[in-house]
Amino acid sequence: MELLQPTSWHEYELLDSGAGEKLERFGDYVLIRPEPQAIWQKSLDEREWRQLAANRFDRAQKDKYRFQSDVNGGWDPASSMPESWQIHYAHEGLKLTLRLALTSFGHVGLFPEQACNWNFIFENVRAWRQAQPDLTPRVLNLFAYTGAASVVARAAGADVTHVDASRPGLNWANQNMQLNGLSDIRWVYEDALKFVKREVKRGNRYHGLIMDPPPYGRGPTGEKWTLQEKLDELVGLAAQLLHPRPSFFVLSTYAAGLSALVSRNIARAHFPDADLHAGELFLQALTHVLPMGTFLRFSRT
Ligand SMILES: C[S@@+](CC[C@H](N)C(=O)[O-])C[C@H]1O[C@@H](n2cnc3c(N)ncnc32)[C@H](O)[C@@H]1O
């Protein structure tokens with residue numbers, strides 16, 4: 001089991017965590033957001049948190065602001081923060097600009113720990129292109145959210161298919177693609193499970209497969225499933241879609257409470273020949289190490 005943290009962020013920082021919250025800097029703005037796993041004490045005192053933060057997502061405020069139909073969560077409406085802003089990431093030839101915004105779920109459109117997987121995706125695609133200039137790797141990103149991993153794969157030179165069941169998510173991902181001067185990502189608005197089943201039937205194949213499934217899948221036409229029920233099937237279908245080599249696979253899980261050993265057991269059965277790497281992603285701040293979910297990945301060259 002491995003522990004991975006992103007090491008190339010200059011514009012993102014976890015400053016502190018504790019008492020059910022985290023204090024993070026996203027570019028020019030410091031935010032306070034809920035973090036259910038941070039059940040320890042904060043390192044900095046409450047006054048410092050308040051002084052640093054430009055805004056705070058407070059679950060308790062949900063009721064207070066319920067009269068505002070577009071405010072589902074609890075960002076402080078008195079804050080002078082802009083509606084959206086940008087953050088930059090750079091790592092060995094990879095340069096990314098991503099759009100951030102305060103969403104009603106307390107998200108900002110970015111999971112900073114995923115930078116560990118962005119480096120892996122970029123390095124694999126770039127290395128294949130250098131080794132085989134005739135090969136344009138095909139990458140499939142499932143549950144692709146605001147598209148950071150899609151943009152990374154596209155920037156490295158892959159043909160990218162991005163699948164998500166959220167229209168606003170797809171629009172946001174399109175903006176991220178454009179912000180990076182890229183084009184021609186294939187956008188698919190569909191239940192990811194349904195899409196991969198169809199791709200298997202059609203005999204389509206991919207060189208790279210990325211998936212970050214949520215604990216509960218919700219498709220655009222009423223599909224509902226839990227990760228516990230469907231993860232084995234999803235990984236089995238992924239195995240049928242993946243070229244023998246070169247290929248890579250990246251699976252992340254978060255919030256479902258599953259150990260990385262669960263992902264490894266499932267992947268072991270479907271990819272018996274692969275050199276699997278599994279473990280936890282984390283973010284470091286002061287004295288605390290904040291767990292940010294699991295990864296399982298491999299690359300076959
Ligand atoms: C945790 S986010 C993925 C985060 C992303 N990998 C990243 O690092 O930026 C989960 C995404 O899955 C999408 N989703 C949920 N149910 C889905 C389904 N049945 N089919 C496809 N996408 C789904 C949501 O719209 C959301 O964008």
Subject >> Hits in segment 202-227 (condition: more than 13 Å from the ligand (Cβ to nearest atom) and over 19 Å from the mean Cα position of the chain (by Cα)) >> reply: R202, G203, N204, R205, Y206, H207
Subject >> Subset of segment 1-31 [part of a loop (DSSP other than H, G, I, E, B) and either in contact with a helix residue (DSSP H, G or I) (Cβ under 7 Å, 6 or more places away or on another chain) or in contact (Cβ under 8 Å) with a residue 12 or more places away in the chain (or both)] >> reply: M1, Q5, P6, S8, W9, H10, E11, A19, G20, G27, D28
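Quick one: in segment 234-255, which of the residues that are among the hydroxyl-bearing types (S, T, Y) and crowded, with 21+ Cβ neighbours inside 10 Å is nearest to the ligand (Cβ to nearest atom)?
Here the residue is S252.
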Subject >> Counted residues, segment 243-276 - those being of a type in the set (G, A, S), touching a helix residue (DSSP H, G or I) at 6+ places or on another chain (Cβ under 8 Å) and in a loop (DSSP other than H, G, I, E, B) >> reply: 2
Original post:
Could you say which residue among L140, L102, L96, L135 is under 17 Å from the mean Cα position of the chain (by Cα) and surrounded by fewer than 23 Cβ atoms within 10 Å (Cβ to Cβ)?
Top reply: L96
Subject >> Residue satisfying condition, being touching a residue at least 12 places away in the same chain (Cβ under 8 Å) and near the ligand (Cβ under 9 Å from one of its atoms), within set E190, E199 >> reply: E190
Original post:
How many residues are of a type in the set (S, T, N, Q) and either over 12 Å from A148 (Cα atoms) or crowded, with 21+ Cβ neighbours inside 10 Å (or both) if we restrict to segment 179-206?
Top reply: 2
Subject >> Qualifying position, being outside any helix (DSSP H, G or I) and either touching a Phe, Trp or Tyr at 6+ places or on another chain (Cβ under 9 Å) or within 16 Å of the ligand (Cβ to nearest atom) (or both), among N117, N141, N174 >> reply: N141
Original post:
Which of the residues spanning segment 105-115 are closer than 16 Å to A144 by Cα and either within 9 Å of the chain's Cα centre (by Cα) or among the small types (G, A, S) (or both)?
Top reply: G109, L110, F111, P112, E113, Q114, A115
Subject >> Number of positions in segment 1-22 that are over 19 Å from the mean Cα position of the chain (by Cα) and either surrounded by fewer than 16 Cβ atoms within 10 Å (Cβ to Cβ) or not polar (S, T, N, Q) (or both) >> reply: 7
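Coordinate-derived values only; no laboratory data. Note that the structure is a prediction, hence the values are computed from the model and not measured. All Cβ positions, even for glycine, are placed from backbone atoms using ideal geometry, and neighbour counts span all protein chains on display.
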